[in-house]
Amino acid sequence: MADSPRHPFLQGLSKHRGAPPTVVVIFGASGDLTARKLIPAVYNLGFDNLLPADFFFVGFGRKIISDDEFRALAAAAVKEHSRRELKEDVWSRIAAHTSYVAGGYDEKAAFDRLAQHIAAIEQTIGREVQTLFYISTPPSVFAPILLNLGASGLAGKYAGQPHHAKVIIEKPFGRDLGSALELNATLRRVFQEEQVYRIDHYLGKETVQDLLVQRFSNAIFEPLWNRNFIDSVQITVAEDVGVGTRGGYYEQSGCLRDIIQNHTMQLLALTAMEPPVANEAEAIRDEKVKVLKAIQPINPGPGGDVARAQYAAGMIGGKTVPGYLQEADIAPSSATETYAAIRLSINNWRWQGVPFYLRSGKRMARRVTEIAINFKRAPGTLFAESDRFNLAANTLSFQIQPDEGLSLILNTKIPGLETRTQPVKMSFRYSTTFGSNTPEAYERLVLDAMIGDGTLFIRGDEAEASWKLCTPVLDAWAAAGRAGMESYVAGSWGPAGGDALLARNHHVWRQP
């Protein structure tokens, strides 16, 4: 792999970001996430020479298959889902160290076999290895996996040393505050907090990481990043697809649990946090927790801070699409929201009086994730709004997907013999500036976990603070059933109740 092309995104990559000899064990090795994201991430890291020389990949699952069968499945996943083509010299090196262990997640003997398998790897190379356990399974088996990692001695292996065991846990991290507290308690029985990496793949996206760079490396932004200059903040996570074949899962989740409690609240925390004392994981995560704790309790009642709705049938691309209640595996009386909007107030010095609006939904007008910072309008002493002066509030937007980049709306003079104005947009896109082959979020996150950098992962108290805000809303909705549930036409930007949340403060939603 020494002759692999060096991509521009890798230029200047710090040498200290090398990982020690590592075994990555994926629980749920035959799952969809493993095929679509995790195996391609490992392959692309190998393609870019970012895996340690002694790297081993182990799949763990209930299905009984041979090592060769697992390698064939992994190669097929790379061919179908990787952003890079399958190169034989790259894959052969990874495949030579790829194996599979079969067993039940509640079967202690299977974890003992896994421990023996890892010990045999160490004996073969003559070195100790760190083990990174990636739990990519349904939440119902998180606890037995964690407890068996403890009972088998795998969790405590090399405790207190730099190459101690680590565990990555996929969302959802609980269903409410109570279950999150319970899961954290189970984790703490087995692992120390510094061993735990709660993953939210949004934090691995380039524009999300760039948010802190824009704020804290550009002197023109940070002095304006407060209540004196910012009028409101909008965070949108919209999908243009329906629930499809995931109706059974979605009925147990809903929009607030699936997107807002984790992805959207993480985007809010990074947008609103104070400058950390250092560019280090704990310093950054400390500030995120402070922001979440400063958010005022949400009023879920009528005329309060929330709106919820389900998509109804509509026309998209000239075709009629069904409403949520007509989708497969959806109960006709379902009270599960496919759209949620929340108005938040942060009670601290920087953000007092600045509303934060969060919304997410399925079957919306287009797929987009965006953070929009809406600045206060300039005084109309020189250029008052009129037919001659078409003015807009300055808006800085971070587009996280699908076309990563940022833009700034400014007012400018229209060329001509009289002074006329109109808003214009200045844009930067990663694809046009750096090329389109941007590293996937999971590549960054898997690499960070291997080297022990927790900056882009969620700490236990952070998850609990987010659930503490959202759980009262979930409880109120559960008690209300379908009462207060709105609908919106598939392909639109959501229900009237979502618009009303902003109208009370004389604001309107951006259309990204």
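For Trp509, state whether it is outside the structural domain of Gln252 (by TED's automatic domain parsing) and modelled with pLDDT of 95 or more. Considered against the rule, which asks whether it is outside the structural domain of Gln252 (by TED's automatic domain parsing) and modelled with pLDDT of 95 or more, Trp509 comes out as yes. The set of residues in the stretch 90-101 being free of Cβ contacts under 8 Å to residues at least 60 places away in the same chain, over 30 Å from the mean Cα position of the chain (by Cα) and either more than 17 Å from Thr22 (Cα to Cα) or assigned to a helix (DSSP H, G or I) (or both) consists of Ser92 alone.
Hey, among Ala378, Ala392, which residue is hydrophobic (A, V, I, L, M, F, W, C), touching a Pro at 6+ places or on another chain (Cβ under 7 Å) and under 22 Å from Arg227 (Cα atoms)?
Details: Ala378 fails: touching a Pro at 6+ places or on another chain (Cβ under 7 Å).
When all the criteria are applied, what remains is Ala392.
Between Thr320, Thr369, Thr338, the distinction of being assigned by TED's automatic domain parsing to the domain that holds Leu224, surrounded by fewer than 16 Cβ atoms within 10 Å (Cβ to Cβ) and either touching a Cys at 6+ places or on another chain (Cβ under 7 Å) or among the β-branched types (Val, Ile, Thr) (or both) belongs to Thr320 only.
For the stretch 157-174, a residue qualifies if it is surrounded by fewer than 17 Cβ atoms within 10 Å (Cβ to Cβ) and without any contact (Cβ under 8 Å) to a residue 40 or more places away in the chain, and the qualifying residues are Tyr158, Ala159, Gly160, Gln161. Among the residues of the stretch 465-502, those identified as among the hydroxyl-bearing types (Ser, Thr, Tyr) and within 22 Å of Ile295 (Cα to Cα) are Ser466, Thr471. Determine if the stretch 399-413 includes at least one residue that is buried (at least 18 other Cβ atoms within 10 Å of the Cβ), in a loop (DSSP other than H, G, I, E, B) and in the same structural domain as Thr236 (by TED's automatic domain parsing). Scanning the stretch 399-413 turns up at least one residue that is buried (at least 18 other Cβ atoms within 10 Å of the Cβ), in a loop (DSSP other than H, G, I, E, B) and in the same structural domain as Thr236 (by TED's automatic domain parsing).
For (1) crowded, with 21+ Cβ neighbours inside 10 Å; (2) touching a Ser or Thr at 6+ places or on another chain (Cβ under 7 Å); (3) under 24 Å from Leu268 (Cβ atoms), each residue gets a yes or a no:
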| position | (1), (2), (3) |
| --- | --- |
| Arg420 | no, no, no |
| Leu445 | yes, no, yes |
| Ile451 | no, no, no |
| Glu486 | no, no, yes |
| Ala490 | yes, no, no |
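Filtered by the rule that a residue be of a type outside the set (Gly, Ala, Ser), buried (at least 17 other Cβ atoms within 10 Å of the Cβ) and within 20 Å of Ala441 (Cα to Cα), the stretch 62-83 gives a lone residue, Val78.
Considering only the stretch 316-339, I want to know if a residue exists there that is of a type outside the set (Phe, Trp, Tyr), assigned to a strand (DSSP E or B), in contact (Cβ under 8 Å) with a residue 60 or more places away in the chain and farther than 30 Å from Gly435 by Cα.
Among the residues of the stretch 316-339, at least one is of a type outside the set (Phe, Trp, Tyr), assigned to a strand (DSSP E or B), in contact (Cβ under 8 Å) with a residue 60 or more places away in the chain and farther than 30 Å from Gly435 by Cα, which makes the answer yes.
Considering Thr471, Thr455, the condition of being under 17 Å from the mean Cα position of the chain (by Cα), in the same structural domain as Gln234 (by TED's automatic domain parsing) and within 30 Å of Tyr134 (Cα to Cα) is satisfied by Thr455 alone. With respect to (1) in contact with a helix residue (DSSP H, G or I) (Cβ under 9 Å, 6 or more places away or on another chain); (2) closer than 19 Å to Gly498 by Cβ, the lone exception for Pro302 is condition (1).
Inside the stretch 191-296, counting only helices (runs of 4 or more DSSP H) that do not spill past its ends, which hold 1 or more residues that are among the basic types (Lys, Arg) and surrounded by fewer than 17 Cβ atoms within 10 Å (Cβ to Cβ)? Explain how you work it out, then say what you get.
Working: elements: 206-217, 247-253, 265-272, 281-294.
Where helices (runs of 4 or more DSSP H) fall fully within the stretch 191-296 and carry at least 1 residues being among the basic types (Lys, Arg) and surrounded by fewer than 17 Cβ atoms within 10 Å (Cβ to Cβ), they are 206-217, 281-294.
Exactly one residue out of Glu88, Glu122 is surrounded by fewer than 20 Cβ atoms within 10 Å (Cβ to Cβ), out of contact with any helix residue (DSSP H, G or I) (no Cβ under 7 Å at 6 or more places or on another chain) and either among the aliphatic types (A, V, I, L, M) or over 25 Å from Ile145 (Cα atoms) (or both): that is Glu88. The residue that is nearest to Glu107 (Cα to Cα), counting only those in the stretch 61-84 that are touching a strand residue (DSSP E or B) at 6+ places or on another chain (Cβ under 9 Å) and in a loop (DSSP other than H, G, I, E, B), is Arg62.
Yes/no per residue for (1) in contact (Cβ under 8 Å) with a residue 24 or more places away in the chain; (2) over 22 Å from Ala465 (Cα atoms); (3) not assigned by TED's automatic domain parsing to the domain that holds Ala102:
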site	(1), (2), (3)
Tyr134	yes, yes, no
Val141	yes, yes, no
Ala155	yes, yes, no
Asp176	yes, no, yes
Leu187	yes, no, yes
Tyr197	yes, no, yes
Leu212	yes, no, yes
Ile220	no, yes, yes
Thr236	yes, no, yes
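This table checks each residue for (1) under 30 Å from Ala41 (Cβ atoms); (2) in contact (Cβ under 8 Å) with a residue 24 or more places away in the chain; (3) small (Gly, Ala, Ser).
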| site | (1), (2), (3) |
| --- | --- |
| Leu447 | yes, yes, no |
| Ile451 | yes, yes, no |
| Gly454 | yes, yes, yes |
| Cys470 | yes, yes, no |
| Ala476 | no, yes, yes |
| Met485 | no, yes, no |
| His506 | no, no, no |
| Pro512 | yes, yes, no |
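The values are calculated or read from the model by the stated rules, or taken from the named source; none is laboratory data. Keep in mind that this is a model prediction, so the values were computed, not measured. Here Cβ is always computed from backbone atoms with ideal geometry, including for glycine, and neighbour counts include all displayed protein chains.
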